[in-house]
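The values are calculated or read from the model by the stated rules, or taken from the named source; none is laboratory data. Quick caveat, the model's predicted, so the values are computed rather than measured. Every residue, glycine as well, gets a Cβ built from its backbone with ideal geometry; the counts of neighbours run over all protein chains shown.
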Ligand code: SF4
Ligand code: SF4
């Protein structure tokens, strides 16, 4: 009977999760493709270093170590979650126990990590709710964003409490026949002397697995979706130097034609429908992946010189806005009159960027902001003719004089006179 109930819940969970992934895939389908250069070895190294090794997170030693421990703990605990799913389907009890000493090591690490993650999550909640860290504030973070962060952290806290409860009752219920090793839970048993209870063992087992299922389905709608997205996002990082500005192929094609022997010939291929980025259909799949991965940690905004000096720009906001706009568009039956640039992200924000790349350098998930800002500026300039006055003067000089200065090319050698 238990197996039947478990399999039914599993099917509902998987169906709901697939539906969420299908919705996300349809959003990806709307985005532009972008060139992807293999370099598998380099990408794997980067993923090991930045995602698994948490090297960028560890730049802030104390809070970085806490986050890294939570991440590593999750990875170990996931093995136990997988075992629970198999146990639930086939009706076994701690199936991986057959691994002997390896299982003892995994279960002992999982038990200790459950405590570490619990302490880490309580500290994160304390920072958010009591210390009110500046990094977690910003115009882009609505009450909904803040509630989302607290809900996700509460989920993890309950997950760890139920896991510890399960380990405690594994030890109490099965005594010498308990499968696995549980140092922290064993210590709790010796200290608290809880009575045997098959009911409480079953309660913690079901509580833990149901929380995993509900949390997995909550993630695609949360900033904590980075649990799924961070590894692939780091793997598909931009491997070029941060200062590299990708060329616009549509513009290059026109320039090549102008410089050719036959500048009046028709250019090949279809005319470009958009120069730069106006709305979410113009972003690349990697930009959207960045938005789904963003943890809203604010490390980018914290180091942004524009933001620090009181400008409107917050690099974190770009990705919060992309995600919101994508969700908004997914719910529309017909085109609306709004756009990402203009209605969500204003020209004032975009022109405040100094292209220093501090945000991309600091982002623990290798999200790239400056190129996206450049693409939005390209749209403003090439399609809307909206550039700051200083730039308009420079563009006019380039057009008329072939140089950014206001002097005529005929006067170029005047400095040699006399
Ligand atoms: S590149 Fe732009 S958005 Fe990023 S930190 Fe520098 S000024 Fe801020
Ligand atoms: S873009 Fe990166 S640094 Fe900025 S809030 Fe998102 S995850 Fe944090």
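Determine which member of the set 36, 71 is assigned to a helix (DSSP H, G or I) and either at pLDDT below 95 or surrounded by 12 or more Cβ atoms within 10 Å (Cβ to Cβ) (or both).
On the way: 36 fails: assigned to a helix (DSSP H, G or I).
Only one candidate qualifies: 71.
Tell me, yes or no, whether the range 190-203 has at least one residue that is part of a helix (DSSP H, G or I), crowded, with 20+ Cβ neighbours inside 10 Å and assigned by TED's automatic domain parsing to the domain that holds residue 62. It would help to see each step written out before you state the result.
To start, the set of residues in the range 190-203 that are part of a helix (DSSP H, G or I) comprises 190-192, 198-203.
Those still in the list that are crowded, with 20+ Cβ neighbours inside 10 Å too: none.
The answer is no, given that none of the residues of the range 190-203 is part of a helix (DSSP H, G or I), crowded, with 20+ Cβ neighbours inside 10 Å and assigned by TED's automatic domain parsing to the domain that holds residue 62.
Which of (1) more than 17 Å from residue 113 (Cα to Cα); (2) at pLDDT 90 or above; (3) surrounded by fewer than 17 Cβ atoms within 10 Å (Cβ to Cβ) does residue 56 not meet, given it meets every other one?
Unmet for residue 56, out of (1) more than 17 Å from residue 113 (Cα to Cα); (2) at pLDDT 90 or above; (3) surrounded by fewer than 17 Cβ atoms within 10 Å (Cβ to Cβ): (3).
Hey, can you tell me all the residues within the range 350-370 that are surrounded by 19 or more Cβ atoms within 10 Å (Cβ to Cβ), touching a residue at least 40 places away in the same chain (Cβ under 8 Å) and away from ligand 2 (no atom under 13 Å from the Cβ)?
If the condition is that a residue be surrounded by 19 or more Cβ atoms within 10 Å (Cβ to Cβ), touching a residue at least 40 places away in the same chain (Cβ under 8 Å) and away from ligand 2 (no atom under 13 Å from the Cβ), then 352, 353 are the ones that fit.
For the range 69-79, state whether one or more residues are under 17 Å from the mean Cα position of the chain (by Cα) and over 29 Å from residue 161 (Cβ atoms).
no
Tell me yes or no: at least one residue of the range 79-89 is assigned by TED's automatic domain parsing to the domain that holds residue 160, exposed (fewer than 14 other Cβ atoms within 10 Å of the Cβ), closer than 24 Å to residue 299 by Cα and without any contact (Cβ under 8 Å) to a residue 12 or more places away in the chain.
Within the range 79-89, none of the residues are assigned by TED's automatic domain parsing to the domain that holds residue 160, exposed (fewer than 14 other Cβ atoms within 10 Å of the Cβ), closer than 24 Å to residue 299 by Cα and without any contact (Cβ under 8 Å) to a residue 12 or more places away in the chain.
Could you list all residues from the range 302-311 that are more than 8 Å from ligand 1 (Cβ to nearest atom) and buried (at least 16 other Cβ atoms within 10 Å of the Cβ)? I'd like the intermediate steps shown before the answer.
Restricting attention to the range 302-311, the residues satisfying the condition of being more than 8 Å from ligand 1 (Cβ to nearest atom) are 302, 308-311.
Listed by number, the residues that qualify are 302, 311.
Just to be sure I understand, how many residues within the range 331-355 are within 18 Å of residue 287 (Cβ to Cβ), out of contact with any helix residue (DSSP H, G or I) (no Cβ under 6 Å at 6 or more places or on another chain) and assigned to a helix (DSSP H, G or I)?
Qualifying residue count for the region: 3.
A quick yes/no check of all residues on (1) away from ligand 2 (no atom under 16 Å from the Cβ); (2) at pLDDT 80 or above:
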| residue | (1), (2) |
| --- | --- |
| 251 | yes, yes |
| 256 | yes, yes |
| 267 | yes, no |
| 282 | yes, yes |
| 296 | no, yes |
| 300 | no, yes |
| 315 | no, yes |
| 318 | no, yes |
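Kindly establish whether residue 318 is assigned to a helix (DSSP H, G or I), within 26 Å of residue 234 (Cβ to Cβ) and either within 16 Å of ligand 1 (Cβ to nearest atom) or touching a strand residue (DSSP E or B) at 6+ places or on another chain (Cβ under 8 Å) (or both).
Values: assigned to a helix (DSSP H, G or I): yes; within 26 Å of residue 234 (Cβ to Cβ): yes; either within 16 Å of ligand 1 (Cβ to nearest atom) or touching a strand residue (DSSP E or B) at 6+ places or on another chain (Cβ under 8 Å) (or both): yes.
Answer is yes for this residue.
Hey, residue 377 hits all of (1) within 16 Å of ligand 2 (Cβ to nearest atom); (2) surrounded by 18 or more Cβ atoms within 10 Å (Cβ to Cβ) but one; which does it fall short on?
Going through the list (1) within 16 Å of ligand 2 (Cβ to nearest atom); (2) surrounded by 18 or more Cβ atoms within 10 Å (Cβ to Cβ), residue 377 breaks only (1).
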